[in-house]
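Here is the structure we will look at, set down as structure tokens.
A short reminder: the numbers here are calculations on the coordinates, not readings from a lab. Owing to the predicted nature of the structure, the values given are computational and were not obtained by experimental measurement. Note that each Cβ is placed from the backbone with ideal geometry, even for glycine, and that neighbours are counted across all protein chains shown.
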Amino acid sequence: MKSHRQTQDQIPPKLSCAVLEITLPAHIKDQVLGDLQEEYGKRLPDNAAAARRWYRYQALRTVVQYFSQFLGSDKLLKVAVILASFILVPVIFVMVAWLSNVDDTTERVLQYLLAGDMHKVAITREFWAYAVQSVSQQKDLFMYVNMPSVMWASVSLFWIGYKNKKQLMTAHQLALWGSALMLLPYLLGTFYLSAFAMPPRVVGPIIAFMLLSLFYLLVPVTCWVMYRLRQGSADAK
Amino acid sequence: MSEKEKFLGEFEQVVLLALLRLGEGAYGAAIRQLLHDQISRDVAIGALYSTLERLEKKGMVNSRLGEATAERGGRAKRYFKVTASGQTALKRARNAMNNMWQGVSIKLGAGIA
């Protein structure tokens, strides 16, 4: 008669099984779990502890494999670009309106502005309290026009178009280039403002360039990536 | 098929050869075992299935569901088979390697057969 321990050993490690159940794609789940259980059963008579270690190791490597694939997946990219647009476009829109109208703010927010840390400003209560007021008051859309940003966005889109024509880029490559060109003015601006103490009248145009370059590029890059993703899935069919 | 897709990676070649050697009995655990026994390669089952899926998408392999067994917890096996396209790609890879090896000699160290 089998002991309780022997019966327990025949069941692969439960936590590893559970993790695999969650991670594995549905169409191969049964086959992978079946293969692992089959091999585990063959290893068990030699050394039960080693068999369990082997199963856990296989589970870990498999999880890492499929998680890496997921990170590079089209689905995740689609979600990421849509989410980025939905969040950043209104935030930057409101931020530019607020910056154009703000006369007075707290010391903390002022320090963030002078250092170019707009991402920190975006999470302060003071900004959101002023921001809603500013948007409802603001009528002049010319505050959203910034020539250096227009030039940067034009050159960036041209550059991406040129690279894409030379060798057709994947959606991931487009997203990577787009993100790099969107973020470069922001990162350079933040670095410059934190390294050199600039008076407020000089900081304003720099912040405008940092924010509006991103703003102008977000929608075209998102549309381009989505178009490429749709092309990719049409090609696959 | 794009130019890139016509060439087989090293692991893809090894997997296709394993399928040819195993014939009708080529399923996940058996392929893994063969690779371990023949070339001492301890392949993660996830990496193996990832490669098989990729090969199936390229049309070099096809698969069918087999029987479920108690030792597999009642789960069915999936058998894989190399298609004509896969065999062509393998021959191409072998010819390419043979051509590159022409005129190359590597001296083996002492003690190695």
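Comparison of B:Ser50, B:Ser63 shows that the only residue that is assigned to a helix (DSSP H, G or I) and within 11 Å of chain A (Cβ to nearest Cβ) is B:Ser50.
Taking segment A:156-178 as the range and being of a type in the set (Gly, Ala, Ser) and surrounded by fewer than 18 Cβ atoms within 10 Å (Cβ to Cβ) as the test, only A:Gly161 passes. Being surrounded by fewer than 17 Cβ atoms within 10 Å (Cβ to Cβ) and among the hydrophobic types (A, V, I, L, M, F, W, C) is the filter; apply it to segment B:11-46 and report the residue that is farthest from the other protein chains (Cβ to nearest Cβ). Here the answer is B:Leu20. The residue that is surrounded by the fewest Cβ atoms within 10 Å (Cβ to Cβ), counting only those in segment A:68-124 that are of a type in the set (D, E, K, R) and within 17 Å of the chain's Cα centre (by Cα), is A:Lys75.
Considering only residues that are of a type in the set (Val, Ile, Thr) and outside any helix (DSSP H, G or I), which ones fall in segment A:106-120? Across segment A:106-120, the qualifying residue is only A:Thr106. Scanning segment A:181-201 for residues that are surrounded by fewer than 12 Cβ atoms within 10 Å (Cβ to Cβ), part of a helix (DSSP H, G or I) and of a type in the set (A, V, I, L, M) yields one hit, A:Ala195.
Among the criteria (1) outside any helix (DSSP H, G or I); (2) free of Cβ contacts under 8 Å to residues at least 60 places away in the same chain; (3) in contact with a helix residue (DSSP H, G or I) (Cβ under 7 Å, 6 or more places away or on another chain); (4) more than 30 Å from A:Asp74 (Cα to Cα), the one A:Asp103 does not fulfil is (3). Within segment A:9-60, the set of residues being surrounded by 15 or more Cβ atoms within 10 Å (Cβ to Cβ), within 13 Å of B:Arg32 (Cβ to Cβ), within 9 Å of chain B (Cβ to nearest Cβ) and not polar (S, T, N, Q) comprises A:Val32, A:Gly34, A:Asp35, A:Leu36, A:Glu38, A:Glu39.
What about B:Lys81, is it facing chain A (nearest Cβ under 9 Å) and surrounded by 12 or more Cβ atoms within 10 Å (Cβ to Cβ)?
It is false that B:Lys81 is facing chain A (nearest Cβ under 9 Å) and surrounded by 12 or more Cβ atoms within 10 Å (Cβ to Cβ).
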